[in-house]
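Participant: Starting off with a structure, shown below.
The values are calculated or read from the model by the stated rules, or taken from the named source; none is laboratory data. The structure displayed is predicted, hence computed values, not measured ones. Note that each Cβ is placed from the backbone with ideal geometry, even for glycine, and that neighbours are counted across all protein chains shown.
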Amino acid sequence: MLQSLLPLGVALLGATSVLAQDPPTCGLDKKCPKETPCCSQYNQCGVGAFCLGGCDPRMSFSLDSCLPAPTCKDKTYKMDSLDRYKDISEYLGDPSTADWVGQGEPLIYNGNTLLTMPPKSVGTVLATTTYMWYGNVKARMKTSKGAGVVTAFILFSDVKDEIDYEWVGVDLNTVQTNYYFQGITDYTQSGNISVADSYNEFHDYEIQWTPDQITWLVDGKVGRVKKRADTWNATSNQWNFPQTPSRVQISLWPGGLETNAKGTIDWAGGKIDWNSDEIKKNGYYYATFGEIKVECYKTSSAPGTNKGISYSYSDISATNNTVVDGNKPTTIKSLLATGLDTTKGDPAKDKGNAAQSSAVYAVPGGGVGTGNVPGTDKNEGSDSGSGSSGSGSGSSTSASECAKTGFSQSCDGSSGQVNGNDAVRVSGLGASGLAAFISIAGLLLL
């Protein structure tokens, strides 16, 4: 049986404090301040992990506040192990060290990866460490089920271009598709594709993305096509078409969370039931992911190349003609660093002293911490919330507090199993959640 999922604990290795207030917010008309220059995927300012995947250069202090994004690599992800997965509190931008980064509680079961959502949690999200600038991606998967439970498989760029597959748990015979340009919320562009029993049966869901069109396929059959030529916006004088390097993201999240907007809850099929048969049987809602295959776009000239080691932007407009395929480094030395100072907190130079001198927001959804380098001696034994007993500094946190903050993956100590067989949880820090859940719902998954 799966051990109890962790209660609210430290979400950043080496964290020294958690403040009540949220990080500073950011937007197109409100850029991040220099001291916390990176605008995360959830529109909050910080350093460290805020400056890596999902960092929006348009809303950050400057274009070079965010680290460049690792270029596309053809790869088949077998999804039968978590050896190449890191929590975002452990990742410093080197794609050779991990295939996936994320937050939540991914598990391995029967050679597949489960994205889990225990009671009173905000689920699990994983993203590739490399980016696609056009290409094909295919996921073999089964969705979750239940009112308010949403499964997603998407492409999402740092400037919020997006191509979606989404499933609401009350309709297992329909997959919803959509696309967005730079986060502009136009819900009129959605389209549905019929599918047979997305919960009990594996299906292959594919996105074929070129500079000219998006094609959604299910089990090899074309379900929908959207041409760039049909997206011209005469008012803004541009194509409202996804066109910038994007990560593959897979997630399970509670669209029916009672604190969400009524429109979101209704779309998700109603309020989520944390005492459902699925929860009673397994201890969590879950979606199952098998093989995921990425094929990069093949072209000798931009847009869509992958000749260098990283993608960056030359202009705040962040359209495909401003993407630079070059050789800028993608890594930082610690979770105190930013694109403006990639070596800040480097233990090789500071021997950990610099990391002690500052407490800043370093991990989205993870509160305030010193931002130490994962794996250094300074951090050994510091993840007190990740022991096998599931006990930690937040073990006394009530379920109501967890529901309010959306910080922890589980606050009631519930355990779960799938069909009586053991599932294996990723080792290391498991209590870091998605505190900015409403931002996820609005920007990432709707």
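Participant: Quickly run through the stretch 11-42 and pick out the residues that are assigned to a loop (DSSP other than H, G, I, E, B), among the hydroxyl-bearing types (Ser, Thr, Tyr) and either modelled with pLDDT of 95 or more or surrounded by fewer than 23 Cβ atoms within 10 Å (Cβ to Cβ) (or both). Spell out how you get there, then give the answer.
Facilitator: First, pick out the residues of the stretch 11-42 that are assigned to a loop (DSSP other than H, G, I, E, B): 11-24, 26, 28-29, 31-37, 40-42.
From the residues that got through so far, the ones that are among the hydroxyl-bearing types (Ser, Thr, Tyr) too are 16-17, 36, 40, 42.
Answer for the stretch 11-42, where residues must be assigned to a loop (DSSP other than H, G, I, E, B), among the hydroxyl-bearing types (Ser, Thr, Tyr) and either modelled with pLDDT of 95 or more or surrounded by fewer than 23 Cβ atoms within 10 Å (Cβ to Cβ) (or both): Thr16, Ser17, Thr36, Ser40.
Participant: Let me ask you something else. Can you name the residue in the stretch 174-193 that is touching an Asp or Glu at 6+ places or on another chain (Cβ under 9 Å) and of a type in the set (Gly, Ala, Ser) and, of all such residues, is surrounded by the most Cβ atoms within 10 Å (Cβ to Cβ)?
Facilitator: Gly183
Participant: On to the next question. Got a sec? Which strands (runs of 3 or more DSSP E) wholly within the stretch 43-134 have at least 1 residues that are among the polar types (S, T, N, Q) and either touching a strand residue (DSSP E or B) at 6+ places or on another chain (Cβ under 9 Å) or in contact (Cβ under 8 Å) with a residue 60 or more places away in the chain (or both)?
Facilitator: Because the criterion is at least 1 residues that are among the polar types (S, T, N, Q) and either touching a strand residue (DSSP E or B) at 6+ places or on another chain (Cβ under 9 Å) or in contact (Cβ under 8 Å) with a residue 60 or more places away in the chain (or both), the strands (runs of 3 or more DSSP E) in the stretch 43-134 that meet it are 75-77, 100-103, 112-117, 124-128.
Participant: Can you name the residue in the stretch 53-98 that is aliphatic (A, V, I, L, M) and crowded, with 24+ Cβ neighbours inside 10 Å and is also nearest to the chain's Cα centre (by Cα) among such residues?
Facilitator: Among residues in the stretch 53-98 that are aliphatic (A, V, I, L, M) and crowded, with 24+ Cβ neighbours inside 10 Å, the one nearest to the chain's Cα centre (by Cα) is Ile88.
Participant: Could I ask something else about it? For the stretch 172-290, please list each of the strands (runs of 3 or more DSSP E) lying entirely inside it that holds at least 1 residues being within 29 Å of Ser81 (Cβ to Cβ) and of a type outside the set (A, V, I, L, M). So that I can check it myself, show each step before the final result.
Facilitator: Values: elements: 174-180, 191-194, 203-209, 213-218, 221-227, 246-254.
Per the criteria, 203-209, 213-218, 246-254.
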